[in-house]
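Working notes, beginning with the structure itself.
No value in this document is a laboratory result; all are computed from the given coordinates. Every value quoted in this text rests on a predicted model; they were computed, and no experiment measured them. Here the Cβ is made from the backbone with ideal geometry for all residues, glycine too, and neighbour counts use every protein chain on show.
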Amino acid sequence: MTHEHEHEHEHDPRAIRTEALERLLVDQGLITSAAIDTIIERYETDVGPLNGARVVAKAWTDPEYRARLLADGTTAIAELGIGGPQGEKMVVVENTPAVHNVIVCTLCSCYPWPVLGLPPAWYKDPAYRSRVVREPRKVLSEFGLTLDDNTEVRVWDSSAEIRYLVLPERPASTTGADERTLAELVTRDAMIGVARIDA
Ligand code: FE
């Protein structure tokens, strides 16, 4: 990953607010720091982008599932037993040679936790959040993704209500591969839309 920005969390008012809120909740006896750590760890390690990879691999191998997924992301994802906070309303957008989708939260850092886990630091960076809307091709090229001039770029702004998942293009070289093998190829960045899957 070559896309790095400088982070100054000590000056980030949201980071300070978050820390102050956690301290308040702990001080009031409403929650323990351990409980907060457990939640964060669960989304960092247990959930991770593996759930999203399962969804993508199934969509690649099962055309009927793919159709259901694009029609109603939330329900189709729930078919695999995946769902929960920060994923109550999921919309899945499909990459094709003609259309490339990329997700962002311009306001803060809304992200589909149940399928992708916690967002990477760059997703929360003000530079990514503003620039990917203004100059998506340039931002994507900084991630190492160069799009054909004829490919339309669609940027989806996540919100508290709607979270997006990108269904990446299946590499042509994977013809005949089974679902489990395919799932191992699917990366978090491809499901955000800042990378494609090479195999
Ligand atoms: Fe947000």
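Could you pull out every residue, at least 5 positions away or on a different chain, whose amide H is within less than 5 Å of the one on residue 156? Hs are placed 1.01 Å off N in the peptide plane, and Pro or chain starts have none.
Excluding prolines and chain starts, which carry no amide H, the hits are 102, 103, 104.
Could you give the length gained by full extension between residue 174 and residue 151, i.e. 0.36 nm per residue of separation minus their alpha carbon distance, to one decimal place? Before the final figure, lay out the partial values.
Numbers: separation 23, 0.36 × 23 = 8.28 nm, distance 2.25 nm.
Full-extension gain reported as 6.0 nm.
Under 27 Å Cα-Cα from residue 138, which lysines qualify once same-chain neighbours fewer than 8 residues away are excluded?
Output for residue 138: 124.
Report the Cys residues of the chain lacking a disulfide-compatible partner, meaning no second Cys Cβ under 4.7 Å from their Cβ.
For the chain, the answer is 108, because their Cβ atoms have no other cysteine Cβ under 4.7 Å.
Using a Cα-Cα cut-off of under 20 Å, which lysines could be cross-linked to residue 89, ignoring same-chain neighbours fewer than 8 residues away?
Those lysines meeting the cut-off are 58.
State, to one decimal in nm², a quarter of the convex hull surface area for the C-alpha atoms of the range 32-192, i.e. the direction-averaged projected area.
Details: hull surface 39.4 nm².
Averaged projected hull area, Cα only: 9.9 nm².
For the chain, set up a Gaussian network in which alpha carbons nearer than 10 Å are linked by springs, and say which option among 31, 162, 40 fluctuates the most.
31
Once every DSSP H run of n ≥ 4 in the chain is given -39500 (n - 2.57) and the sum is divided by its residues, what mean residue ellipticity at 222 nm do you get, rounded to the nearest 500 deg cm²/dmol?
On the way: 11 runs with 87 residues, N = 199.
Computed ellipticity for the chain at 222 nm equals -11500 deg cm²/dmol.
For the chain, give the magnitude of the charge dipole about the Cα centre (Cβ charges: +1 Lys/Arg, -1 Asp/Glu; no others), in debye to the nearest 20. Provide the component values of the computation, followed by the final result.
Values: 21 positive and 32 negative charges, 81 e Å.
So the magnitude is around 380 debye.
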